[in-house]
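Worksheet: one structure, shown below.
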Amino acid sequence: MRSSEASTPADGRDPFAGRIPISVITGFLGSGKTTLLKKLLRHPGMANAAVIVNEFGEESIDHELLETSSERMALLDNGCLCCTVRTDLQETLRDILTKRMHGEVIQFDRVFVETSGLADPAPVVQTLASDSLLADKFRLDCVVTLVDAVNALGQLDSLSEPIKQAAIADRLLITKTDIAGSAQVTELRERLAEINPQAMILEVVHGEVDPANLIDVGLTSRQTAADKLKRWIGPLGAPEQVGRPGLAGPPRHSTGITSFCLWFDRPLSWTSFETCMNVLTSLRGPDLLRVKGLLNVEGEAGPVVIQGVQHIFHPPARLQAWSDEDRRSRLVFITRGIEREMVENLFRAVGALRSAAAT
Amino acid sequence: MSTTINVGSQADRTLSLNMTLLSHHELDGFGGVGEGVAMQITKDGRHIMWLAHESAPKNFTAVDVSDPRKPKMIVQTDLPHAQMRSNSLEVSGDILAVAYQTKEWGLKPAGFDLFDISTPEKPKHIVHFDASGPYSRGAHCLWFVDGETVHMASGAPDFQPRDSKDDQFYRIIDVRNPTKPTEVGRWWYPGTKEGDSAPPVRRMPKFDSGYRMHNCNVYPERPDRAYIGYIDGGAIILDISDRSNPKLVSNWRHSPPNTGFVHTVMPLFGPQLLIVTDECTKDDGADWPKMTWVVDNRDETNPVPISTFPLPPAEIFAKRGGRYGSHNLHENPPVKAARKSEKIILATFFNGGLRAFDVSHPYQPTEVAYYVPGAPKMSPKGAVQINDAYWDDRGVVFCVDRFAGGLYALEMNI
């Protein structure tokens, strides 16, 4: 990250605007991703959506859907996402973008990427940050993770991928609640809130969901209103949560996932911040599952937005102005096995976080 | 591997990226607009768009775009006869200047008119500046942004070109007294006037379009410079500190090997760049490439091209119908009603529509938005031919079709 990469002055491009939103739909095998997509794509507001699906081992988006909706589809028909699709996804996105510019496919205004159930969604998210051509034209809007109410508790106890899928989500959709017991659903909700207190949790039956809950989750303007910014930074970054380790209290299950928010009362030096994050990403990159921040950087009029998944961070981008009087920097982490104290100590060591300032 | 379902690049389909249509006005069936697109903010605060028609029978049209979602045509005027066109206009304050070009030498009216548009519904004619002559078609294009001077591409009664295609040159007209416009200076490409001591110019081998002026742009940042597209003569910077005696500063030429027709030379003073367009004048890609150039102007005596705006392939767009290639820019006119940007450039490409480019990294300009309307009804080319563009002070983007489509108002989200 370099602060010089942050957004340009007012007559240039808004770093948040004018990019085609991408929603990543992930979830373990059989969690209902295809059912959800089928329903979503039939919604009138989705008439110009494109969808990139992976057919490996799962029910595919079939011809019925192609015929009953106006979407143009880009169908990935290769194997497992976790191995090879990162490259193919890049190619596919570039391909449909080029065809869009040439007028050879519909002028899609949104893309859904369905990952394989076995996939780690992090590489997909990273692709959108690290491929500069794609990052110029697309933005990650949200990660939607589907969790099957019937089977998920067992999967969360025994498998690492479902935990990671839940940990990096912006939206957690609990599916099949109609055939699971209510106690089971309640327990699953608690487990998910432990893993990811940042994500909105919704219950979904037969893929029926209000698309408004799944779109326009990311920032779309450097003049973002206070309420939207608050939703974006999430509950851990809310001032009323200062001093609390997490919304759900100490975890009762050893998923190894930890979430916390660091607050900084005084403006940060960009160099200190960058140093800390470089150390963190170098040493523990794979365990930084999701990082979001609004930073008060010395010399900047508005907050600088930070977003990262593991070792890949989007270029920092400036918002035009603070939306309220609370101008403290806040940095939200969802990690695998990185405790709050370690990150605090690191920031202290480089002088970015003073004891008095830390909470 | 992926498969996509192609719908083909069809001219009836609207293509858009980061631009949304707010409204479309067909100008009561006279939707052919030239390259005169200017905005007036009236004393009562209305935004009035003034449009010069591409050809007869209409002269100019004004549309109240105060609510860009509900444009209202408030006046539309006729030309005195069909052997002429207006094509170009500019607005400064409440004065409208309209160019007149005839189809043949010797016809009238040829030159320009000034109108008082303080009541835009009722333009009041102030004066006609006569540029007709035995070798003159009058004025093709003019620049009038300071209320004092009309810079125009025009013939003159006393100018005889060696080649008939070289009949319009640079004329500077003082209109500080709008009832008595007076020529204060002129410049023509050496060798193009009968009797010049300079040798005749080298004609373009493939398409000989002429050594004559098209656009002239003069800005308050450099009132001593005129930036001129001189068609086959290339991009020209003139020192006009002494208006009675303009002097050549530089002449950047890239044709041949290209096919000439330099149209607009727009300076960006902060980054010291020129944005230079070559107008496409042939259908079906016959004169491709017609590019928009980014030129390093740090040393104005030696402009150096460093990049071109990235465009969709000619193989695809040339087949959509009519012309495909560069033409006009939103020229950052130094008037209250216009948005100015030295980072985002709006450019028009006939059937390639309106496109916005980010030149923050001038070696690598990127396209950030486009709008290509589907073919307008009655379009003689079977495709839109977006001719000119305007970006107003509110951020609303406008573009016009050359033949039938009229006026499109757009919201840009970049």
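The values are calculated or read from the model by the stated rules, or taken from the named source; none is laboratory data. Since the model is a prediction, treat every value here as computed from it, not as a measurement. When we count neighbours, we look across all protein chains shown, and the Cβ atoms used for this are built from the backbone with ideal geometry, even at glycine.
A few remarks follow.
- Residue B:257 vs. criteria within 21 Å of residue B:311 (Cα to Cα) and without any contact (Cβ under 8 Å) to a residue 24 or more places away in the chain: yes
- Taking the criterion of being out of contact with any Ser or Thr (no Cβ under 8 Å at 6 or more places or on another chain) and more than 13 Å from chain A (Cβ to nearest Cβ), no residue of region B:356-374 qualifies.
- Candidate set: region A:14-30, residues that are over 20 Å from residue A:309 (Cβ atoms) and modelled with pLDDT under 90; chosen: the one farthest from the other protein chains (Cβ to nearest Cβ): A:30
- Subset of region B:377-414 (residues that are of a type outside the set (S, T, N, Q), surrounded by fewer than 24 Cβ atoms within 10 Å (Cβ to Cβ) and more than 26 Å from residue B:42 (Cα to Cα)): B:377, B:378, B:380, B:381, B:382, B:403, B:404, B:414
- Residue within region B:189-198 that is hydroxyl-bearing (Ser, Thr, Tyr) and under 21 Å from residue B:35 (Cα atoms) present: no
- Total residues in region B:17-52 satisfying the condition of being farther than 24 Å from residue B:90 by Cβ, out of contact with any Lys or Arg (no Cβ under 9 Å at 6 or more places or on another chain) and not in a strand (DSSP E or B): the figure is 1.
- Enumeration of residues in region B:296-320 that are out of contact with any strand residue (DSSP E or B) (no Cβ under 8 Å at 6 or more places or on another chain) and either in a loop (DSSP other than H, G, I, E, B) or away from chain A (no Cβ under 14 Å) (or both): B:298, B:299, B:312, B:313
- Within region A:36-50, residues that are farther than 12 Å from residue A:23 by Cβ sit with their Cβ atoms under 9 Å from residues that are aromatic (Phe, Trp, Tyr) and surrounded by 14 or more Cβ atoms within 10 Å (Cβ to Cβ), at 6+ positions apart or across chains, in these pairs: A:48/A:108.
- Residue A:116, sole failed condition from (1) at pLDDT below 80; (2) among the hydroxyl-bearing types (Ser, Thr, Tyr); (3) surrounded by fewer than 20 Cβ atoms within 10 Å (Cβ to Cβ): (3)
- Scanning region B:394-414 for residues that are within 14 Å of chain A (Cβ to nearest Cβ) and either within 19 Å of the chain's Cα centre (by Cα) or part of a strand (DSSP E or B) (or both) gives B:397, B:410, B:411, B:412.
- Across region B:98-111, the number of residues qualifying as touching a Gly at 6+ places or on another chain (Cβ under 9 Å) and farther than 12 Å from residue B:81 by Cα comes to 5.
- If the condition is being over 18 Å from the mean Cα position of the chain (by Cα) and loosely packed, with under 15 Cβ neighbours inside 10 Å, then region A:206-231 contributes A:206, A:208, A:210, A:223, A:225, A:226, A:227.
- Cβ-Cβ under 9 Å pairs, at least 6 apart or on other chains, region A:98-123 side at the interface with chain B (Cβ under 10 Å from one of its Cβ atoms), far side of a type in the set (Phe, Trp, Tyr): A:100/A:108; A:101/B:370; A:102/B:317; A:103/B:317
- Restricting attention to region B:356-374, the residues being part of a loop (DSSP other than H, G, I, E, B) and surrounded by fewer than 24 Cβ atoms within 10 Å (Cβ to Cβ) number 8.
- Test: residue in region A:203-218 that is touching a helix residue (DSSP H, G or I) at 6+ places or on another chain (Cβ under 6 Å), hydrophobic (A, V, I, L, M, F, W, C) and at pLDDT 90 or above: no
- Index of the failed condition, residue A:123 passing every other in (1) in a strand (DSSP E or B); (2) surrounded by fewer than 24 Cβ atoms within 10 Å (Cβ to Cβ): (1)
- Residue match in region A:287-304 (condition: within 24 Å of the chain's Cα centre (by Cα), of a type in the set (Lys, Arg) and assigned to a helix (DSSP H, G or I)): no
- When region B:375-393 is filtered for residues that are assigned to a loop (DSSP other than H, G, I, E, B) and more than 14 Å from every other protein chain (Cβ to nearest Cβ), the ones remaining, listed by number, are B:376, B:377, B:378, B:379, B:380, B:381, B:382, B:385.
- Search result, residues across region B:326-355 that are polar (S, T, N, Q), more than 10 Å from chain A (Cβ to nearest Cβ) and not in a strand (DSSP E or B): B:326, B:328, B:332, B:351
- Residue ID - farthest from residue A:21 (Cα to Cα), chosen from residues in region A:90-113 that are among the hydrophobic types (A, V, I, L, M, F, W, C) and modelled with pLDDT of 85 or more: A:101
Results for (1) over 18 Å from the mean Cα position of the chain (by Cα); (2) within 21 Å of residue A:302 (Cα to Cα); (3) at pLDDT 90 or above, shown as yes or no for each residue.
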residue: A:192; (1), (2), (3): no, no, yes
residue: A:233; (1), (2), (3): no, yes, yes
residue: A:239; (1), (2), (3): yes, yes, no
residue: A:245; (1), (2), (3): yes, no, no
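- Within region B:50-91, being among the acidic types (Asp, Glu) and crowded, with 23+ Cβ neighbours inside 10 Å holds for B:54, B:90.
- The single condition from (1) at pLDDT 95 or above; (2) under 26 Å from residue B:281 (Cα atoms); (3) away from chain A (no Cβ under 14 Å) that residue B:92 fails is (2).
- Qualifying strands (runs of 3 or more DSSP E) (wholly inside region B:215-258; at least 3 residues being hydrophobic (A, V, I, L, M, F, W, C)): B:235-239, B:247-252
- Residue within region B:139-155 that is farther than 20 Å from residue B:215 by Cα and over 19 Å from the mean Cα position of the chain (by Cα) present: no
- Top-ranked residue of region B:243-265 - restricted to ones that are charged (D, E, K, R) and closer than 17 Å to residue B:300 by Cβ, ranked as surrounded by the fewest Cβ atoms within 10 Å (Cβ to Cβ): B:247
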